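Inspection log for the structure reproduced underneath, given as structure tokens.
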Amino acid sequence: MSRTRSDMSEAAKIIRDLHSPYWSERQSAVRRIAEIGSPEILRDLLQGLRDEKWYIREAASAGIRALDCPDLVPDLVACLENGDEILRNAAALALGNICLPGTASALERVLTDPDCRVRKSARISLERIRSALSRQQPVSP
């Protein structure tokens, strides 16, 4: 039995739209990913992307890289540890956008990742976090 549009999960709808032959629908799916604020939806999306072709995961990663909701940190950290290189790279950049000091240790662990893009993204995100921390700390006389 096929699912109707109304009973599909948001993650399933996003993945369906990433497959669309229409550029505008694929672009809309990427924008919806960037606006995810629910850990459950992100978790479902990451799970659903595991079985997708690389070009679908790459398209989804554009939205994941733009995430900036602190509630998503645990799932992004889990993606750093369990995702493929496309999703690990996107998660590393998203953690840099969120810019929470608590994510630095997870990013430091992937500085030795086998994929050079993941290592570079982790370095960039760590620099963002450290820069934000240095701006917050008062300068002593």
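Numbers below:
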quantity	calculated
Answer residue from the stretch 48-65, given it is among the charged types (D, E, K, R) and in a helix (DSSP H, G or I) and is surrounded by the most Cβ atoms within 10 Å (Cβ to Cβ) among those	57
Hey, residue 124 over 13 Å from the mean Cα position of the chain (by Cα), at pLDDT 95 or above and of a type in the set (Val, Ile, Thr) or not	yes
Residue among 42, 49, 18, 95 that is under 18 Å from residue 121 (Cα atoms) and not charged (D, E, K, R)	95
Residues that are outside any helix (DSSP H, G or I) and more than 16 Å from the chain's Cα centre (by Cα), drawn from the stretch 5-45	8, 9, 19, 20, 21, 22
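For (1) in contact with a strand residue (DSSP E or B) (Cβ under 7 Å, 6 or more places away or on another chain); (2) within 28 Å of residue 11 (Cβ to Cβ); (3) surrounded by fewer than 17 Cβ atoms within 10 Å (Cβ to Cβ), each residue gets a yes or a no:
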residue	(1), (2), (3)
67	no, yes, no
70	no, yes, yes
74	no, yes, yes
79	no, yes, no
88	no, yes, no
108	no, no, yes
111	no, no, yes
118	no, yes, no
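The values are calculated or read from the model by the stated rules, or taken from the named source; none is laboratory data. Bear in mind that the values here come from a model prediction, so they are computed numbers and not experimental data. Positions of Cβ are backbone-derived with ideal geometry, glycine not excepted, and every protein chain shown enters the neighbour counts.
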